[in-house]
Amino acid sequence: MTLPFYPSIIMKLTIQPPTIMLPEMGNSSIRMPLFSHKVAAGFPSPADDYIEGWLNLNEYLVPHQEATFFVRAKGNSMVGAGIFDGNLLVVDKSLIPSSGNIVIAVIDSELTVKRLLKDNGKIVLKAENARFKDIELKEGQELKVWGVVTATVRKFI
Amino acid sequence: MGSGDRHSEKVYLGAIMPLALVDCNNFYVSCERVFNPKLEGVPVVVLSNNDGCVVSRSSEVKALGLKMAEPWFKIEKLAKQHGIIALSSNYALYGDLSARVMSILSKFTTRQEIYSIDECFLDLDGFDSQSLMDYGQTIRKTINRNVGIPVCVGIAGTKTLAKLANYCAKKQLAGEHSVCDFGQLDKMQISELFSGIRAVEVWGVGPRISQKLLAMGIKTVEDLRTANPDKIRNQFSIVLERTIRELNGIPCIELEDAETARQQIMVSRSFGSSVTALEDLIESVAYFATRAAENLRQDGSVAASVCVYVRTNPFKETEQQYQQSKVVPLIQPTDDTMKLVGAALQGLKAIYRSGFYYKKSGVLLLGLQAKKTLQATLFDDPAKLAKSARLMSAMDAINQKMGAGSLTLAASGIQHRWAMRRENKSPNYTTNWDELPVVK
């Protein structure tokens with residue numbers, strides 16, 4: 001590759017050129033229109049007035065951007081909840097976990113995904129697979145919930 | 001003392017226009033702990049680039065008396081003895097978590113100054129002075145829950161005092177649950193508190209100044225606060241005089257809004273092992289210039305000149321030493337990777353000398369200004385400019401999608417023989433699809 005040559009001394013311009021505002025260029029976000037149609041030259045579509053907005057998958061899956069993390073599920077302990085080996089989980093740390101939520105919890109210094117059940121002060125982390133035992137918290141043992149699983153993303157192709 | 005007096009004492013120490021300094025506790029270690037619960041409660045350090053020295057210590061390590069910036073080879077044995085876990089730095093992770101923390105904090109105020117990767121000032125003007133402790137707690141709990149990073153909050157009327165309040169919160173000298181508001185203390189309490197803190201802990205008072213202060217009998221923060229400002233200005237500088245005024249609740253240092261774009265962009269790194277050949281240096285310099293150009297475009301700025309520098313390893317006293325830098329001005333300020341890389345390499349070729357073992361190189365972009373206000377010159381070809389802009393945004397899009405460095409100029413190389421040593425780096429948990437945290 002040949003490199004462009006730059007003189008190390010700048011030519012001094014005695015007359016300052018007028019300030020020209022350049023337009024901003026580039027926009028990296030991709031948005032899907034709610035509906036789209038081909039535009040016939042010169043004739044505006046009557047549907048234009050009805051476009052309400054664009055659907056954004058990020059907004060749909062990630063309402064709390066700063067508090068949302070993606071994690072990868074491993075194993076089959078949650079197949080009953082539709083979480084399969086290798087699935088992507090969307091985890092929102094800002095939500096306060098309530099009974100019935102699928103959560104990421106810290107058990108034995110490891111992150112684990114289970115369903116949280118609270119009943120009369122008893123806390124159980126339940127697997128959604130009969131082959132796995134429930135994890136019951138003992139008296140005085142503190143439950144550490146890392147985040148609440150709000151969605152799973154599974155791609156087919 | 002009547003209640004009216006007490007009130008005015010509080011106002012005196014700066015509850016008129018309160019601001020908060022929010023500081024993340026041992027930030028890099030805390031980032032690592034978010035994704036690795038095994039690191040909780042055990043001594044952890046994070047090492048600098050090339051695993052050179054300690055840049056972040058957990059509280060357990062601080063308790064062992066290990067100092068910041070200690071070279072790793074000097075403490076490796078001690079670390080093993082105490083079972084200290086040493087991690088290489090993972091700046092992709094820290095950068096991501098920092099952006100999350102700062103974004104959440106921005107919602108607590110109308111004005112925010114991001115002071116560093118792990119601390120920022122928040123303007124709390126207009127808030128009820130009696131509820132600031134509660135507000136600080138809300139800030140602390142929100143960051144801790146939403147991101148998982150522990151923070152301390154210092155609240156006071158000036159930046160210097162807010163920094164000091166944060167120090168008091170961190171050291172549990174005042175306030176409670178990691179939040180300290182100097183507005184809650186009366187003059188007596190402040191005076192007692194400040195008498196117990198060494199002057200060197202004050203923002204802007206380094207070890208050198210504190211030595212000189214000590215010789216004048218100024219040992220504590222209270223000594224400094226009550227020192228004669230005129231005398232201090234004469235003996236030191238107007239900067240230290242300003243510090244004294246700030247300690248007395250008189251704001252002298254303005255809050256700088258986040259919108260202020262960076263004045264310069266620097267990308268530099270030490271090499272994993274020394275290199276001697278110009279080809280290897282070309283690769284590294286081209287790579288650094290490419291990264292710097294990306295940052296430049298992110299800011300929406302253009303650079304007027306490029307500075308490139310190289311140096312040998314100053315710690316290897318047996319080796320011949322050499323360091324040199326060169327500023328290469330550009331005909332027209334630009335954000336075009338090819339032009340910036342070209343200029344950087346032109347500079348590199350001018351300063352390269354054979355026969356040295358190079359340990360570090362870097363690229364610095366100078367004379368930054370907003371692209372929007374760029375002045376058009378006689379040399380401009382609008383068609384060329386538009387083409388360059390399209391090419392650059394395509395390059396950024398690909399690198400964002402496929403991972404940094406997927407698409408680079410051929411000059412920046414593929415092998416990266418000079419790449420830095422990071423023997424114990426955690427995965428890029430938040431920035432790479434293939435390295436997400438795994439849950440069972």
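For residue B:27, what charge total do you get from the other residues with a beta carbon under 9 Å from its beta carbon, if Lys and Arg give +1 and Asp and Glu give -1? Before the final figure, lay out each step's value.
Values: positive: none; negative: B:23, B:118, B:119.
Overall, the nearby charge balance is -3.
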Under 5 Å between amide H atoms, partner at least 5 residues away or on a different chain: which partners does residue B:301 have, H built in plane at 1.01 Å? B:371
The stretch B:69-216: C-alpha gyration tensor shape, a/c 1.5 cut-off, then a/b vs b/c: oblate
If amide H atoms are built 1.01 Å from N in the plane of the peptide, which residues on other chains or at least 5 residues away come under 5 Å of the amide H of residue B:56? B:46
Asked for the total accessible area buried by B and A (1.4 Å probe, Å², nearest 100), one would answer 4000
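On average, how many beta carbons from a partner chain sit within 10 Å of the beta carbon of a residue in B:427-434? Could the numbers behind the result be given before it?
On the way: counts 0, 0, 3, 3, 0, 0, 3, 1.
Whole-number average of other-chain Cβ neighbours for B:427-434 is 1.
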Once all protein chains are kept in place, residue B:256 shows an accessible area at probe 1.4 Å, nearest 10 Å², of 100
The stretch B:35-136: mean projected area of Cα convex hull, nm²: 8.4
Restricting things to Cα coordinates, could you compute the convex hull volume per residue of the stretch B:239-332 in Å³? 194
Expected field for residue B:434, accessible surface area in Å² at 1.4 Å probe radius, rounded to 10, holds 140
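Stokes-Einstein D for the stretch B:198-246 at 37 °C, 0.692 mPa s, Kirkwood Rh over Cα pairs, in µm²/s?
Numbers: Rh = 10.3 Å.
Translational diffusion coefficient: 319 µm²/s.
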Working with all protein chains in place, sort B:236, B:182 by solvent-accessible area computed with a 1.4 Å probe, largest first. B:236, B:182
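Note the direction-averaged projected area, equal to a quarter of the hull surface, for the Cα convex hull of the stretch B:168-252, in nm². Spell out each step's value before the answer.
Values: hull surface 21.9 nm².
Averaged projected hull area, Cα only: 5.5 nm².
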Hey, can you grab everything whose amide H is under 5 Å from the amide H of residue A:107? Only 5+ residues off in sequence or another chain; H modelled, so Pro and N-termini drop out. A:112
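Please give the per residue volume of the convex hull enclosing the alpha carbon atoms of the stretch A:47-153, rounded to a whole number of Å³. Before the final figure, lay out the partial values.
Numbers: hull volume 14.6 nm³, N = 107.
Enclosed volume per residue, from the Cα hull, is 136 Å³.
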What list of ³J(HN,Hα) values in whole Hz, one per residue of the stretch A:126-133 in order, does the Karplus curve 6.51 cos²θ - 1.76 cosθ + 1.60 (θ = phi - 60°) give from phi, with Gly and Pro shown as x? 9, 7, 9, 6, 4, 7, 10, 6
Orientation-averaged projected area, Cα convex hull of chain B (nm²): 26.0
At 1.4 Å probe size, with no ligands or nucleic acids counted, give the accessible surface of residue B:269 in Å², nearest ten. 60
Leaving ligands, DNA and RNA out of it, report the carbon-plus-sulfur percent of the accessible area of the stretch B:101-192 at a 1.4 Å probe. 46
Work out how much length residue B:67 to residue B:255 would gain on full extension: take 0.36 nm times their residue separation and subtract the Cα-Cα distance, in nm to one decimal. 64.6 nm
Using a 1.4 angstrom probe with every protein chain in place, what is the largest-first accessible-area order of B:94, B:357, B:287, A:60? A:60, B:357, B:287, B:94
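I want the local charge near residue B:105. Using Cβ-Cβ distances under 12 Å, sum +1 for each Lys or Arg and -1 for each Asp or Glu among the other residues.
Summing Lys/Arg as +1 and Asp/Glu as -1 gives -2.
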Measure nothing but the geometry: give the 0 to 90° angle between the long axis through the Cα atoms of B:132-146 and the longest principal axis through the Cα atoms of chain B, rounded to 10°. 40
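Can you sort B:270, B:88 by solvent-accessible area, 1.4 Å probe, largest first? It would help to have the intermediate numbers written out before the result.
On the way: B:270 30, B:88 0 Å².
Result of the area sort, largest leading: B:270, B:88.
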Of the cross-linked pairs A:93/B:159; A:74/A:118; A:138/B:425, which ones have a Cα-Cα span greater than 27 Å in the structure shown? A:93/B:159; A:138/B:425
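The values are calculated or read from the model by the stated rules, or taken from the named source; none is laboratory data. None of these values were measured; they are calculated from a predicted model. Don't worry about glycine lacking a Cβ; one is built from the backbone with ideal geometry, like all the others, and counts go over all protein chains shown. With ligands, DNA and RNA removed, areas are computed over all heavy atoms of the protein, side chains included. Shrake-Rupley method; radii C 1.70, N 1.55, O 1.52, S 1.80 Å.
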